[in-house]
1. Looking at region 78-96, which of its residues are among the hydrophobic types (A, V, I, L, M, F, W, C) and either under 22 Å from Y56 (Cβ atoms) or without any contact (Cβ under 8 Å) to a residue 60 or more places away in the chain (or both)?
2. Do we have any residue at all in region 12-27 that's without any contact (Cβ under 8 Å) to a residue 40 or more places away in the chain, in contact with a helix residue (DSSP H, G or I) (Cβ under 8 Å, 6 or more places away or on another chain) and not hydroxyl-bearing (S, T, Y)?
3. Of all residues in region 1-30, how many are within 14 Å of the chain's Cα centre (by Cα) and of a type in the set (D, E)?
4. Kindly state which helices (runs of 4 or more DSSP H) lie completely within the chain and contain at least 2 residues that are modelled with pLDDT of 95 or more, surrounded by 10 or more Cβ atoms within 10 Å (Cβ to Cβ) and aromatic (F, W, Y).
5. Could you tell me how many of the residues in region 1-60 are among the polar types (S, T, N, Q) and under 19 Å from R73 (Cβ atoms)?
Amino acid sequence: MRIVIVHIHVQPEAIAAFIAATTDNARHSLEEEGIVRFDFMQQRDDPTRFVLVEVYRDEDAPARHKETAHYQRWRAAVADMMAEPRQGQTYSNLFPDDAGWS
């Protein structure tokens, strides 16, 4: 199990376009065999800030995800929308164990 949490800050004028592009990416990501969850959240007190929580079945799934057409389409679409570079951290799940996520 590999969990990636990505913090994203977008330009105010790009919020609607970012939401549309990221929702499309999230929907297609959930169709990937290696993805357990793909959550997309917007911060309540600052609508220019977003978080992605990506839960992968194995260590190689994030690399396979980045090879998909929908991820590459998303990356190209949102590149100029960023107010600053996105920040991602990788985590290992401690509880529940892997059986709880299947």
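The values are calculated or read from the model by the stated rules, or taken from the named source; none is laboratory data. Note that this is a predicted model, so its numbers are computed, not measured. Methodologically, a virtual Cβ is constructed for each residue, glycine included, from the backbone with ideal geometry; neighbour enumeration extends over all protein chains shown.
1. V78, A79, L94, F95
2. Checking region 12-27: not a single residue is without any contact (Cβ under 8 Å) to a residue 40 or more places away in the chain, in contact with a helix residue (DSSP H, G or I) (Cβ under 8 Å, 6 or more places away or on another chain) and not hydroxyl-bearing (S, T, Y).
3. 1
4. Numbers: elements: 15-29, 61-66, 69-78.
Once the helices (runs of 4 or more DSSP H) in the chain are filtered for at least 2 residues that are modelled with pLDDT of 95 or more, surrounded by 10 or more Cβ atoms within 10 Å (Cβ to Cβ) and aromatic (F, W, Y), what remains is 69-78.
5. 4
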